[in-house]
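Below is one structure, written out as structure tokens, with a few remarks after it.
The values are calculated or read from the model by the stated rules, or taken from the named source; none is laboratory data. Remember, it's a predicted structure, so these values are computed and weren't measured experimentally. Reconstructed Cβ throughout: ideal geometry from the backbone, glycine too, with neighbour counts over all protein chains shown. Heads up: the accessible areas ignore ligands, DNA and RNA and are worked out on the full protein's heavy atoms, side chains in. Shrake-Rupley method; radii C 1.70, N 1.55, O 1.52, S 1.80 Å.
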Amino acid sequence: MSVQFAGTTALVTGASSGLGAEFARVLTARGADLVLVARRLERLEAMARELEARHGIMARVLGTDLGVPASWGQVRAFTDAEGVRVSTLVNNAGFGTYGVLAEADPARADEEVRLNVGALTALTRAYLPDLMSEGTGALVNVASTASFQPVPAMAVYGATKAYVRSFTAAVAWETRNTGLRVTALCPGATRTEFFDVVGSEHAKVGRYQSPEQVVRTAMRALDARHTPPVVVSGAANRVVAVLGRLAPARAGLPVTAALMGR
Ligand SMILES: NC(=O)c1ccc[n+]([C@@H]2O[C@H](COP(=O)([O-])OP(=O)(O)OC[C@H]3O[C@@H](n4cnc5c(N)ncnc54)[C@H](OP(=O)(O)O)[C@@H]3O)[C@@H](O)[C@H]2O)c1
């Protein structure tokens, strides 16, 4: 049965571009009110006004840096102060870095872990009791096909996404009798600002999907009778994911390294 988003509130992190912006559009088209979170407040405000005008919903915005742990409690404090009860959480904010670890900027690597793992974990924990008691919405944590095998030249990124996939699948099991739909969304290369931030096209493996295709996959998974704890977007990416999971590291590492230009 399709999830009923009308009249409920969805919180989307990283909503100022790419997949997060598409989640915001799709959820409002299905009647959800929104809380949009990212650093670029002007973008969020423009998007909120546009979606409110188009769909007659209510969109609140919070400009904050989720790479800073102090912001994690601020998000919950913001929704409490606004009297908002969150039924759907999309932990989408994230970024990747490219290059061998020994030459990586240590501060940037720390930030990558704090955002991709820390913020996602803290926000899931902060909202999970509400999501479970509402039992009508969804928890979507955005992982990646990079989660299925170690990724030389993106060691930190791949490991953060492996965490997201493992963590989310476990939470899906823990909450299986509550009505909450939980899935770890694993996109492959998607046409967003992601690769501008990474700063290298080597990070792109396979053909691009559009954000619309990826979010459609996620929504289909949520609307399914049994939401899968992990969903991979795109047939070719599903094959890569299976191979990545099955191949022993010794055999897989040289292949992945070559694909990553190393
Ligand atoms: N594109 C791909 O090929 C691909 C593939 C697999 C998985 N993913 C995952 O998909 C998710 C969305 O990425 P995308 O492809 O849509 O890339 P994107 O267009 O670069 O969007 C990333 C979003 O995260 C937000 N963000 C980044 N750092 C933040 C911070 N410190 N605090 C708060 N928000 C922050 C950005 O907003 P601000 O800059 O305004 O803060 C932006 O809204 C990420 O988790 C990424 O790892 C992407």
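For beta carbons closer than 6 Å, sequence separation of 6+ or different chains, a first residue in segment 236-250 that is basic (Lys, Arg) and a second that is modelled with pLDDT of 95 or more and not in a helix (DSSP H, G or I), the qualifying pairs are ARG238/VAL232.
Of everything in segment 214-258, what is in a loop (DSSP other than H, G, I, E, B), over 25 Å from SER17 (Cβ atoms) and either touching a Gly at 6+ places or on another chain (Cβ under 6 Å) or open to solvent by less than 70 Å² (accessible area, probe 1.4 Å) (or both)? Give them in sequence order. So that I can check it myself, show each step before the final result.
Residues of segment 214-258 in a loop (DSSP other than H, G, I, E, B): 224-229, 233-234, 247-248.
Next, only the ones that are over 25 Å from SER17 (Cβ atoms) stay: 224-229, 247-248.
Correct list: ALA224, THR227, PRO228, PRO229, ALA247.
Summed over segment 17-34, the residues that are outside any helix (DSSP H, G or I) and in contact with a strand residue (DSSP E or B) (Cβ under 7 Å, 6 or more places away or on another chain) give a count of 3. Out of curiosity, is ALA21 within 13 Å of the ligand (Cβ to nearest atom), of a type in the set (A, V, I, L, M, F, W, C), modelled with pLDDT of 95 or more and open to solvent by less than 10 Å² (accessible area, probe 1.4 Å)? Yes: the conditions hold for ALA21. Annotation: of all residues in segment 170-198 being surrounded by fewer than 18 Cβ atoms within 10 Å (Cβ to Cβ) and not charged (D, E, K, R), the one that is nearest to the ligand (Cβ to nearest atom) is VAL197.
Within segment 84-122, the set of residues being in contact (Cβ under 8 Å) with a residue 24 or more places away in the chain and away from the ligand (no atom under 16 Å from the Cβ) comprises VAL84, ARG85, VAL86, SER87, THR88, GLY99, VAL100, LEU101, ALA104. Among the residues of segment 199-211, the one identified as more than 9 Å from the ligand (Cβ to nearest atom), outside any loop (DSSP other than H, G, I, E, B) and surrounded by 14 or more Cβ atoms within 10 Å (Cβ to Cβ) is HIS202.
The numbered conditions (1) away from the ligand (no atom under 16 Å from the Cβ); (2) modelled with pLDDT of 95 or more are all true for GLU134 except (2).
Regarding segment 213-220, can at least one residue be identified that is of a type in the set (A, V, I, L, M), touching a Ser or Thr at 6+ places or on another chain (Cβ under 8 Å) and under 27 Å from ALA70 (Cβ atoms)? It would help to see each step written out before you state the result.
Going residue by residue through segment 213-220, those that are of a type in the set (A, V, I, L, M) are 214-215, 218-219.
Those left that are additionally touching a Ser or Thr at 6+ places or on another chain (Cβ under 8 Å): 214, 218.
When the remaining residues are screened for being under 27 Å from ALA70 (Cβ atoms), the result is none.
No, because not a single residue in segment 213-220 is of a type in the set (A, V, I, L, M), touching a Ser or Thr at 6+ places or on another chain (Cβ under 8 Å) and under 27 Å from ALA70 (Cβ atoms).
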